[in-house]
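Colleague: So that we are looking at the same thing, I have put the structure below in structure tokens.
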Amino acid sequence: MNIEKFKQDPRMPKHIAFIVDGNGRWATKRNLTRSMGHEAGFENLKKQIEFVQELGIKNLSMYCFSCENWKRSKQEVDFLMELFNRMLDEFKQKYINKDIRFIISGNMNDERLPLIVRNKAKELMELTKDKNGFVINACINYGGRQEILKVVNELIESGVKIVDEKLFEKHLYTAEMLPLDFVIRTSGEKRLSNFLTWQSTYSEWYFPKKLWPSFNKKDLIKALKSYMKRDRRFGAVKA
Ligand code: IPE
Ligand code: IPE
Ligand code: MG
């Protein structure tokens, strides 16, 4: 396949998202611990970030930890927190001198999150806030409903009497990102699990069966080809 030609296709989405599901099942199938599945998932995430960038897609969102994931065992949660700590370090080291902006969506004031993770997340956002090339949005301790309530509370606090969509969107974590075009959830589960609720109302969805650590570049291209064939009408009639 001619990647250069594919990249130039005007139907290429501008903002895609990954719900990186299936790390646990990937590990269990191989008689490994769930943590080893998360480790493999992280390795794959790094590769996918490169592919997405290579394809010229402008914005990437990724679901790393939901508000509901605190229900998991202490051992698994602790491992994930340590992984995020490492992930933030690696992102800083690798991308700080590139034209890449980081947004961390989710409640970074939650005391259940290790202070070091909260601080590193805030630092990475602050250090890259003026970059305007590729945007990576990592959703950590994130929930779509919680985000909507955050917006509502900020609006109440501001004292406004009337709210429209434009004003509402200014308070979302993704305020400065492009509209969310395409969401890929691996592992065959066909649900949203509280991901980018406001943002995904008109997104296209894709549910490959592959478990996240096995989802590769070929699978990404297949997903994008499926997206490009779709007719997005946004309520209007077919063009
Ligand atoms: C997704 O993989 C990663 C996180 C939620 C952090 P899972 O851990 O949900 O994997 P499965 O669904 O149990 O296989
Ligand atoms: C969604 O996956 C959250 C992340 C991928 C981070 P889950 O595995 O937590 O979702 P459910 O529990 O299957 O809905
Ligand atoms: Mg899961």
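The values are calculated or read from the model by the stated rules, or taken from the named source; none is laboratory data. Computed from a predicted structure; not experimentally measured. Ideal geometry is used to build each Cβ from the backbone, glycine not excepted, and the neighbour counts take in all protein chains shown. Note: accessible area is taken over every heavy atom of the protein model, side chains too, but ligands, DNA and RNA are not part of it. Shrake-Rupley method; radii C 1.70, N 1.55, O 1.52, S 1.80 Å.
Colleague: Would you tally the residues in region 117-158 being hydrophobic (A, V, I, L, M, F, W, C) and closer than 21 Å to Glu68 by Cα?
Modeller: 9
Colleague: Then there's this: Which ones in region 209-222 are within 14 Å of ligand 3 (Cβ to nearest atom) and either surrounded by fewer than 18 Cβ atoms within 10 Å (Cβ to Cβ) or within 24 Å of Asn2 (Cβ to Cβ) (or both)?
Modeller: Lys209, Lys210, Phe215
Colleague: Then there's this: Just to be sure, is Ile49 modelled with pLDDT of 95 or more, in contact with a strand residue (DSSP E or B) (Cβ under 8 Å, 6 or more places away or on another chain) and in a loop (DSSP other than H, G, I, E, B)?
Modeller: No; evaluated as a whole, the condition is false for this residue.
Colleague: Which of the residues that make up region 4-18 are assigned to a helix (DSSP H, G or I) and either under 24 Å from the mean Cα position of the chain (by Cα) or aromatic (Phe, Trp, Tyr) (or both)?
Modeller: Result: Phe6, Lys7, Gln8.
Colleague: Being among the aromatic types (Phe, Trp, Tyr) and assigned to a strand (DSSP E or B) is the filter here, so list the residues in region 92-115 that pass it.
Modeller: Phe102
Colleague: Residues being among the aromatic types (Phe, Trp, Tyr) and within 12 Å of ligand 1 (Cβ to nearest atom): count how many of those fall in region 180-215.
Modeller: Result for region 180-215: 3.
Colleague: Please go through region 10-44 and pick out each residue that is more than 10 Å from ligand 1 (Cβ to nearest atom), among the polar types (S, T, N, Q) and without any contact (Cβ under 8 Å) to a residue 12 or more places away in the chain.
Modeller: Once the filter is applied, which keeps residues that are more than 10 Å from ligand 1 (Cβ to nearest atom), among the polar types (S, T, N, Q) and without any contact (Cβ under 8 Å) to a residue 12 or more places away in the chain, region 10-44 yields Asn31, Thr33.
Colleague: Please work out which one of (1) surrounded by 13 or more Cβ atoms within 10 Å (Cβ to Cβ); (2) more than 16 Å from ligand 2 (Cβ to nearest atom); (3) more than 20 Å from Glu204 (Cα to Cα) is the condition Phe79 fails and give its number.
Modeller: All conditions are met except number (2).
Conditions tested, residue by residue: (1) within 16 Å of ligand 3 (Cβ to nearest atom); (2) more than 17 Å from Tyr227 (Cβ to Cβ); (3) buried (at least 18 other Cβ atoms within 10 Å of the Cβ).
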| residue | (1), (2), (3) |
| --- | --- |
| Glu169 | no, yes, no |
| Phe182 | no, no, yes |
| Ser193 | yes, yes, no |
| Trp198 | no, yes, no |
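Colleague: Among (1) part of a loop (DSSP other than H, G, I, E, B); (2) within 15 Å of ligand 3 (Cβ to nearest atom); (3) open to solvent by 60 Å² or more (accessible area, probe 1.4 Å), there is one condition Asp21 misses while meeting the rest; what is its number?
Modeller: (3)
Colleague: Turning to a different aspect of this structure: Right, Arg233: within 15 Å of ligand 1 (Cβ to nearest atom), loosely packed, with under 14 Cβ neighbours inside 10 Å and part of a loop (DSSP other than H, G, I, E, B) or not?
Modeller: No; evaluated as a whole, the condition is false for this residue.
Colleague: Here's another thing I want to ask about it. Take the residues in region 134-154 that are open to solvent by 10 Å² or more (accessible area, probe 1.4 Å) and hydrophobic (A, V, I, L, M, F, W, C), then tell me which one is farthest from the chain's Cα centre (by Cα).
Modeller: Val152
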